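The values are calculated or read from the model by the stated rules, or taken from the named source; none is laboratory data. Note that the coordinates shown come from a computational prediction; the quantities given were computed from them, not determined experimentally. Positions of Cβ are backbone-derived with ideal geometry, glycine not excepted, and every protein chain shown enters the neighbour counts. When the accessible area is computed, the model is the full protein with side chains, heavy atoms only, and any ligands, DNA or RNA have been set aside. Shrake-Rupley method; radii C 1.70, N 1.55, O 1.52, S 1.80 Å.
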Amino acid sequence: MTSQTFSRAALRSDVTASLVVFLVAVPLCVGVAVASGVPAELGLITGIVGGLVTGLLPGSSLQVSGPAAGLTVLVLTAVKDYGLPVLGVIVLLTGLLQLALGVLRLGRWFRAISLSVVHGMLAGIGLVLIAGQLYALGDRGAPGSGTSNVAGLYDLTVDVLASRSALAASAVGVGTIVVMTGWKWVPGRARLLPGPLVAVGAATALTAAFDLPVRRVEVSGLFAAVQPPAVGDFSRLADVGLLVTVVAFTLIASAESLFSAAAVDRLHDGPKTHYDRELMAQGAGNTVCGLLGALPMTAVIVRSAANVQAGARTRLSRVLHGVWLLLFAAMFPDVLGLIPTAALAGVLIHAGFKLLPVKELGPLWRDHRGEAVILVVTAGAILITNMFEGVLLGLALAVVKAAWEVSHVHVDVTDPGEGMVRVRIQGNATFLRLPRILDALESLPAGRTVELDLAGLRHLDHACLTALRSWADQHNAHIIQPGRVPSAA
């Protein structure tokens, strides 16, 4: 095969893949924006930047970036707390931080984050997303926090059942979920069409055909939606809470992007991701999104997997998907105004369920119970408190678990019945295991000579060493320290 033939074949594959990714991206970009409490066009702008800016940069060749359901809850909270104009400042600083982390070659360190914390974070996001979008499914406004959303579900059910318009909206949303869930079983070439597009398209057509009394997406126009942050908006940087929000955006967006990159790398045999460059590419994209006042972006596994499965070979496919989004947003903005918001809520509820590790939790509980506990606690904490505090709690639990497992210690006692009692301690003696070590020593026969052998320890921290020396002084014991011969304590 000649290089010219290969290039033509690659071009055809990339163009086809870009169209598939575009069709997947449209309902998701709009849905994430609406769920985040911002104009629908801002989701499309982030998708466009993900294609035309991040898509051109090195890092991951086939990964596609755009607005993600994983950041919906965080964006919604930020917009409520600080207002839409300040969102651009937050996203801009997030991008600059990501660029700095990439320059400092810290991208690879995101792979060191506990998988249980990441899965717990995604599960918590999924729970909050589902709880909030159930209200949008019935054309109702959510109370606010995750716990209040869950607590209000009974009242929501009563309200929806008493309203014909709410029942109509719920039917549209549930129908969207049913179509998306069952689309993978559709036979033949029809399945080449993306499920989200088919579901939202069908819901839009039925809503228009029967003139259903449901809410539709509000449209302001692509250029009208662009709201660069004003100079005065940067004065909010004195707010510690805003800085914490920036850190949360940075950590979560970066971790989600790089974990997505690792997953996408397993789907194809082409060049693998350079993590620091990919982090810089995400940073460049978020910097541009911040300047435009748009949503933050991450790499999105749904669009990335669709890109690979559609046969993409180079980064051209993801760049072209941004071109198609731009043309759609510029030429057909009125189409967005026909889409029922309940259908978009159905798309996001479906996406929220995909974030829940339903199949993985059982095996994880059987084989790695501690990791399962971290996952569940992280998800629950996010639902009860907020994203940042939940992730911090998960990270703290992961650190404690790692420290506990690393500090394995074995205390072997050899007692011949009379004479010297030999105690051999092996492993890692840290303050976490000190109570167990002292309990074993205190249970030794009184009045006997003791030899305390520490030569087998791989690690002995200061707390343990001080406590063991104190015990040896009190009991006139001999200590064999690492690398030394027996000597009187």
* To do: Any residue in the range 255-277 that's under 12 Å from Ala305 (Cα atoms) and in contact (Cβ under 8 Å) with a residue 40 or more places away in the chain: show its pairings with residues that are part of a loop (DSSP other than H, G, I, E, B) and polar (S, T, N, Q) at Cβ separation under 7 Å, as long as the two are six or more apart or on different chains.
  => Ser260/Gln63; Ala261/Ser60; Ala261/Gln63; Ala261/Thr273; Val264/Ser60; Val264/Gln63; Asp265/Thr273
* Please work out which one of (1) more than 21 Å from Gly352 (Cα to Cα); (2) without any contact (Cβ under 8 Å) to a residue 24 or more places away in the chain is the condition Leu206 fails and give its number. => (2)
* Would you check if Asp211 is on the phi > 0 side of the Ramachandran plot and of a type outside the set (Ser, Thr, Tyr)? => yes
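When you check Val413 against the structure, is it outside any strand (DSSP E or B), under 20 Å from His459 (Cα atoms) and of a type in the set (Val, Ile, Thr), yes or no?
no
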* Asked: Checking Glu405 against (1) open to solvent by 70 Å² or more (accessible area, probe 1.4 Å); (2) farther than 30 Å from Ile252 by Cβ, which test does it fail?
  -> (2)
* Structure fact -> Sole miss for Leu393 among (1) open to solvent by less than 50 Å² (accessible area, probe 1.4 Å); (2) under 30 Å from Gly120 (Cβ atoms); (3) not small (Gly, Ala, Ser) is condition (1)
* To do: Just need a number here: residues in the range 205-240 that are part of a loop (DSSP other than H, G, I, E, B), in contact with a strand residue (DSSP E or B) (Cβ under 9 Å, 6 or more places away or on another chain) and at pLDDT 85 or above.
  => 3
* Count, please, the residues in the range 187-203 that happen to be open to solvent by 80 Å² or more (accessible area, probe 1.4 Å), touching a residue at least 12 places away in the same chain (Cβ under 8 Å) and in a helix (DSSP H, G or I). => 1
* Just need a number here: residues in the range 245-279 that are open to solvent by 30 Å² or more (accessible area, probe 1.4 Å), in a helix (DSSP H, G or I) and more than 13 Å from Gly59 (Cβ to Cβ). => 4
* Residue check, Pro27 against (1) under 18 Å from the mean Cα position of the chain (by Cα); (2) part of a helix (DSSP H, G or I); (3) not hydrophobic (A, V, I, L, M, F, W, C), all met but one. Which one? -> (1)
* To do: Filter the range 445-486 down to the residues that are among the hydrophobic types (A, V, I, L, M, F, W, C), modelled with pLDDT of 80 or more and open to solvent by 40 Å² or more (accessible area, probe 1.4 Å), then identify the one that is nearest to Arg424 (Cα to Cα).
  => Ala455
* Asked: Going by the structure shown, is Leu364 open to solvent by less than 50 Å² (accessible area, probe 1.4 Å) and either more than 15 Å from the chain's Cα centre (by Cα) or farther than 22 Å from Val128 by Cα (or both)?
  -> yes
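Any idea which of Val118, Val150, Val172, Val160 is without any contact (Cβ under 8 Å) to a residue 40 or more places away in the chain and either part of a helix (DSSP H, G or I) or open to solvent by 20 Å² or more (accessible area, probe 1.4 Å) (or both)?
Testing whether each residue is without any contact (Cβ under 8 Å) to a residue 40 or more places away in the chain and either part of a helix (DSSP H, G or I) or open to solvent by 20 Å² or more (accessible area, probe 1.4 Å) (or both) leaves just Val160.
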* Quick one: in the range 332-361, which of the residues that are not in a helix (DSSP H, G or I) and not aliphatic (A, V, I, L, M) is surrounded by the most Cβ atoms within 10 Å (Cβ to Cβ)? -> Pro340
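In the range 370-390, which residues are among the β-branched types (Val, Ile, Thr), open to solvent by 60 Å² or more (accessible area, probe 1.4 Å) and modelled with pLDDT under 85? Steps first, please.
Keep residues of the range 370-390 that are among the β-branched types (Val, Ile, Thr), which gives 373-374, 376-378, 382, 384-385.
Still in the running and open to solvent by 60 Å² or more (accessible area, probe 1.4 Å): 373, 376, 384-385.
Passing the criteria: only Thr385.
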